[in-house]
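The values are calculated or read from the model by the stated rules, or taken from the named source; none is laboratory data. Because the structure is predicted, anything quoted here is derived from the model rather than measured. Cβ sites come from the backbone with ideal geometry, for glycine too, and all protein chains shown count toward neighbours. Please note that ligands, DNA and RNA were not included when accessible areas were found on the heavy atoms of the full protein model with its side chains. Shrake-Rupley method; radii C 1.70, N 1.55, O 1.52, S 1.80 Å.
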2 protein chains.
Amino acid sequence: MTAGRRRSERSSARRTQATVLPPDGRKRVVIEAVTPEIDGGRFPARRVVGETVTVEAGVFGDGHDALAAALLFRHERSRQWTTVPMTALVNDRWRGEFPVTELGRYVYTVEAWVDHFGTWSRQLAKRLAAGQDVKVELEAGARMVEAASQRADGAARDAARLATLSKALREGKADVDENAIELVRRYAERDVTPYGRQLEVLVEPVKARYSTWYELFPRSVGKLRDVERLLPQIASMGFDVLYLPPIHPIGHSHRKGANNQPAKPGEPGSPWAIGSEEGGHKSVAPELGTLADFRRLVKAAAQQNVDVALDIAFQCSPDHPYTREHPEWFKHRPDGSIQYAENPPKKYEDIYPFDFETEHWRELWQELLSIFLFWAEQGVRVFRVDNPHTKPFPFWEWAIAELRRAYPEVILLSEAFTRPKVMYRLAKLGFSQSYTYFAWRNTAYELYQYFTELAQPPVREFFRPNLWPNTPDILTEYLQTGGRPAFQARLILAATLGANYGIYGPPYEALEARARESGSEEYLDSEKYQVRDWKPDEAMRELITIVNRIRRDNPALQTDRGLRFHFAENEQLLAYSKSTPDNANVVLTVVNVDPHHVQRGWVHLPLEELGIERDRPFQAHELISGARFLWAGERNYVEINPHSMPGQIFRFRRRVRSEHDFEYFL
Amino acid sequence: MTAGRRRSERSSARRTQATVLPPDGRKRVVIEAVTPEIDGGRFPARRVVGETVTVEAGVFGDGHDALAAALLFRHERSRQWTTVPMTALVNDRWRGEFPVTELGRYVYTVEAWVDHFGTWSRQLAKRLAAGQDVKVELEAGARMVEAASQRADGAARDAARLATLSKALREGKADVDENAIELVRRYAERDVTPYGRQLEVLVEPVKARYSTWYELFPRSVGKLRDVERLLPQIASMGFDVLYLPPIHPIGHSHRKGANNQPAKPGEPGSPWAIGSEEGGHKSVAPELGTLADFRRLVKAAAQQNVDVALDIAFQCSPDHPYTREHPEWFKHRPDGSIQYAENPPKKYEDIYPFDFETEHWRELWQELLSIFLFWAEQGVRVFRVDNPHTKPFPFWEWAIAELRRAYPEVILLSEAFTRPKVMYRLAKLGFSQSYTYFAWRNTAYELYQYFTELAQPPVREFFRPNLWPNTPDILTEYLQTGGRPAFQARLILAATLGANYGIYGPPYEALEARARESGSEEYLDSEKYQVRDWKPDEAMRELITIVNRIRRDNPALQTDRGLRFHFAENEQLLAYSKSTPDNANVVLTVVNVDPHHVQRGWVHLPLEELGIERDRPFQAHELISGARFLWAGERNYVEINPHSMPGQIFRFRRRVRSEHDFEYFL
């Protein structure tokens, strides 16, 4: 550095604010990069009842001393921490875990300290191995044991054992076993370094992780009482959530008719144009029945392990009571009228959005929360939330927390078909599940990429995908053009890639593929605007039933944690497996994403990772057809004709014994 | 969910702590994932004077409104924030940047808000394009302009312009230009969402990023006065830091002699056994000269743009004055003696480490800091710190901050050859540069992997590698067995992969390759324990001089930011380039890492990324030999004979004109 340069750089040399000594400079251990930790602890990780939280942290100190680390956790309602020792992995990474058994939030953190007695005993072993005189070291050890003994005065038996140990060390007995080390550790002085942040995990019902949704428009069935009669059919097909579009009175002003044209007299209107003189978000449309009918439906469904999911769409028709009782909750145009929804130049004059920038936002928030609470009081525990990304994030964080405070078992599905960061944010804020881009990921490579992204940390720690091959708004080009094989392939993909999936059922079962116009994803004669009568395709219905039974029988398919993609020597074949952590259940799915042609190829399996012995044949049991194949080695041949069945789901079975040239598999 | 299951899950259904409404639920914008941000803002990012800090953030809101975001920054000594607008990239990511011109810390943060007038004007354009009647919208716009105008009352001219604008809108003039939008934006009400964290960047001298180190043992030269006479030679070879091992009095007790044997009478001992009755860490060993001689050396060096770097080794010989004056700073064995250094079963009885767990740690810390300050007062601005990873992290954070408070221009090199997390932590705590694993990365693939890791965020934001092919402790097997080509290759690699590099000079120039024993990295007759007389290899010395001149002439080599590796069709060839952000300076290095055989192959260059026109030939000027090659296209052939020169450094030159079949290059 030249003198000249130094002068110019010294312009800032005058003393700035003094750096104070830290309160305890002897805390020598560092804890960093704890996982799971979402946005620096701003949001909770997510689990369901019965799962395990595996916590890792970087833990290290200066020098070469032995360290110890512990994971601390408690349920939010408990003030008592439970401590679990962490164990060192490689590269200064440590791991511990705890089970979550109750709904609500658990708090966890990490602490670590220098393990002086551990250091001493590790060094003693090396000295002994080198044949050194350890007299002085044994005395040092004895003093450490004595100090621990003094801290053990509340536990007379331990204190006595420690006294015996220190005596033995003084007598030159150098064989200190692991039990003794553990005992000393328990009472040794710990200058603990805390991680400094308390992290959280939100525990939800199992159904937040594994659920099977069926959507239908009640009015096409008849009244709510008629829907009730459909329940056995829906349950027997393997669905456990019945999702109903809004069931509230529908507005008249600017009502939409068939194919989104202005309604003619007698047309029923869109269920999302909520509110009329007959009521708003807390009312049942008279044409569907009464609130009592609805409660009855919820109860009847629960008896079949089906949850009725209600659609929460925070918007109003111009006829909604709110528009008269609370005009201050809406934006007004300079001419005094309420501002309708628009995406310029498009106008949606049948819909008034709420103005979340109103000065009366507190009252608005409370009212919207009360809608959730009202339906929860009617027995609803699952909500599908319409377009949450057009309402402020702080609202959702508050409203969902409030709802969970009263009903910790609620499950909320976010219908946010929007940009990735926004979808992820809504999940972080509290939504249990989220719609995804699945419907538009059709090639094998696109599916591989997208589901790999979703399976990575930190996304997998807070975002639970719920896969829908269709919705009332989405009839993809793939379904429009692919015929029955397309419907079958997308069903198999949704049900095996996603532990949560759903279908907009009646048109899916009916293989409805007609769009309103070319290039559009809108259904022709969409049920959003008119009553439809659907004729199910029996083969499709049977496949749905079989696939849902496969999901029920195979725990690997009930979580997204164990997903792995496998290389297939054909880019039209997508191969992936899911397995339970112990590999007791391993399920391989292979889908031909080309709905038109037979595709064949070799699929590569990482046998060790899947818990399959390398040197023996194993049985691949195809669960849709029931066929059993004997496979061997890493590469196995698959041929899929989409016109018979576009996907295959294999469960691997290990050979347990072999008799008279006949093999028995588990 | 069955009724039964629901009951058991409801065990936690009683109300827990109430969730309060946020203070302002109308703040609708989210700011997340700001970069650079190290460990959630716990540590500053690092820059040098004259660089730019490019800040990115995820910024998004609910709905479809236009947003605006700003980057705010200030020097720590200023209370005045400067605001820079951020611009949207893709996928809700925004970017802004600011220059850092002064040493010390800058503070920065991000804020964002809904841009209502921007939303209005964007929508207006769409309405106009669709030919809609915009009368009501113009009135809404006029009202927004009026509101802005009222807030502009301190700026009469702007207020007048705004009044004109609102009048024009009322008159139906819908052509609002960008200037007008900007003006309204300036005064429009902003409901700003702050990021919530203030992040820091520590700005150091340019030499923290780009430096060329030469290490020598003064006693092998003679006295400090003799070292002074070597300065022109060292400077002319292109070095700008002269690093001296400890220059303090050396202890007698358990002194080490040649080849780490007990010293015989007259042997000089290891410079790292610091302290005798002649003084400690603030004294100059009499055999080297006086403190005045040292100050003279520092001053003479500065005149040649050379910094003298001192070795700070916080440990004592048994004869150090501290052992008598402050026995409380050392650990004591049960027999009352001071605990010597050891790595059981090895003992280092000539060294006493400090006991950082002493109750008197505050006094110890202050004394150790005073050592840095003492030498800074003698003019030292560059310190090489010995084994910082065996002293507590909190000490370094405090001591370095204190030192920088007095001398913001100091540069500290961390000699922590230890595990990755520990090395990174020391860098985060304040060290300017760090030794690396470079010496042990010898294959092309290892080098590619390691330097790719170091070039990734966040590592590159806080960790500045300083590459040493050798040190007094490290004579690698590669150098022991590779002959002159090995020394040349490692020099070229260090100097071009690292903007900071250094050599333990005299034995490197002498091609010293003899280890004390097979399998050891210790030098035979190591200069650590004895005086040596070195004979430089003139070819080696010339290469060093040339390579350092190439570094000086090519700004791309003065930073590690622009490093890219390139595919070479030969695994013994490592190819990489560095370029300035504007591609005005692009340097490609190709090294044959096999010191024994000629290697040849095609090197692939991403022409666009390097700013090279695809369709024209370009000149590759090899800077060591001066040869000029005409290359064309992405693949270019390289052949390297390690016995003539194991590496080539190309500067790309663009053709500026062509005359009479003769091409001129820039």
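Annotations for the structure displayed:
- Acute angle (nearest 10 degrees) that the helix B:477-497 long axis makes with the longest principal axis of chain B, alpha-carbon atoms: 30
- Shape of segment A:503-598, Cα gyration tensor, a/c cut at 1.5: prolate
- Pairs of lysine residues in segment A:156-293 that meet both criteria, 8 or more places apart or on different chains and Cα atoms under 28 Å apart, total 8.
- If you wrap chain B in the convex hull of its Cα atoms and look at it from every side, the mean projected area works out to 45.6 nm².
- Residue B:283 contributes an accessible area of around 30 Å² to the protein surface, as traced by a 1.4 Å probe with all chains present.
- Rolling a 1.4 Å probe over the heavy atoms of the protein chains gives segment B:244-285 an accessible area of 38 Å² per residue.
- Rounded to the nearest angstrom and listed largest first, the equivalent-ellipsoid semi-axes of segment A:29-202 from its Cα gyration tensor are 36, 18, 12.
- Qualifying trypsin sites (Lys or Arg not before Pro) in segment B:31-130, DSSP loop, other Cβ atoms within 10 Å at most 16: B:42, B:77, B:79
- Acute angle (nearest 10 degrees) that the helix B:291-303 long axis makes with the longest principal axis of chain B, alpha-carbon atoms: 50
- The heavy atoms of residue A:645 present about 50 square angstrom of accessible area, all protein chains included, probe 1.4 Å.
- Under the combined filter of DSSP loop state and at most 13 neighbouring Cβ atoms within 10 Å, segment B:450-519 retains these trypsin sites (Lys or Arg not before Pro): B:514.
- The relative contact order of segment B:29-202 comes to 28 percent, based on Cα pairs under 8 Å that sit 6 or more residues apart.
- For segment B:436-666, the share of accessible area belonging to carbon and sulfur comes to 48 percent (1.4 Å probe, ligands and nucleic acids excluded).
- For the protein assembly as shown, Kirkwood radius (reciprocal of mean inverse C-alpha pair distance, Å): 36.5
- Placing unit charges on the Cβ atoms only, positive for Lys and Arg and negative for Asp and Glu, gives segment B:236-340 a dipole magnitude near 60 debye about its Cα centre.
- Global geometry of segment B:221-276, whether rounded, prolate or oblate, following the gyration tensor of its Cα atoms and the 1.5 cut on a/c: prolate
- Leaving ligands and nucleic acids aside, the A/B contact buries around 8800 square angstrom of accessible area in total at a 1.4 Å probe radius.
- With R₀ fixed at 35 Å, the C-beta to C-beta distance from residue B:220 to residue B:374 puts the FRET efficiency at about 0.85.
- Cα pair distances in segment B:527-664, grouped into 10 Å bins until the bin that holds the longest one, percent each: 11, 37, 33, 13, 4, 2, 0
- Relative to the dominant Cα principal axis of chain A, helix A:116-129 is inclined by about 60°.
- Taking max minus min of the alpha-carbon positions on each principal axis, segment A:436-578 gives extents of 43, 33, 32 Å, largest first.
- Candidate residues B:604, B:360: accessible-area rank, largest first, probe 1.4 Å: B:360, B:604
- Candidate residues B:545, B:481: accessible-area rank, largest first, probe 1.4 Å: B:481, B:545
- Burial annotation for segment B:404-422: residues with an accessible-area loss of at least 10 Å² between the isolated chain and the complete set of protein chains, computed on heavy atoms with a 1.4 Å probe, are B:405, B:406, B:408, B:409, B:419, B:420, B:421, B:422.
- Seen through its C-alpha gyration tensor, with square-root eigenvalues sorted a ≥ b ≥ c, segment B:315-468 comes out oblate because a/c lies at 1.5 or above while a/b is not bigger than b/c.
- Of all accessible heavy-atom area on segment A:29-202, the percent that carbon and sulfur account for (1.4 Å): 49
- Here residue B:92 sits with roughly 30 square angstrom of accessible surface, probe radius 1.4 Å.
- Mean separation of Cα contacts under 8 Å (6+ apart) over length of chain A, as relative contact order %: 9
- Interface residues of segment B:24-39, defined as those with an accessible-area decrease of at least 30 Å² between the chain by itself and the complete set of protein chains (probe 1.4 Å), are B:25, B:26, B:28, B:30, B:32.
- Loop-located GluC sites (Glu not before Pro) across segment A:140-238 with a Cβ neighbour count of 14 or fewer within 10 Å are A:171, A:189, with loop assigned by DSSP.
- Within chain B, helix-based [θ] at 222 nm, where runs of 4 or more DSSP H residues each add -39,500 (n - 2.57), nearest 500: -9000 deg cm²/dmol
- Net charge in the neighbourhood of residue A:64 (other residues with Cβ under 13 Å of its Cβ; Lys, Arg +1, Asp, Glu -1) is +1.
- Structural descriptor for segment A:449-583: relative contact order 23 percent, calculated from alpha carbon pairs under 8 angstrom and at least 6 residues apart.
- Evaluated over segment A:102-180, the Cα radius of gyration and Dmax, each in Å: 16.6, 58
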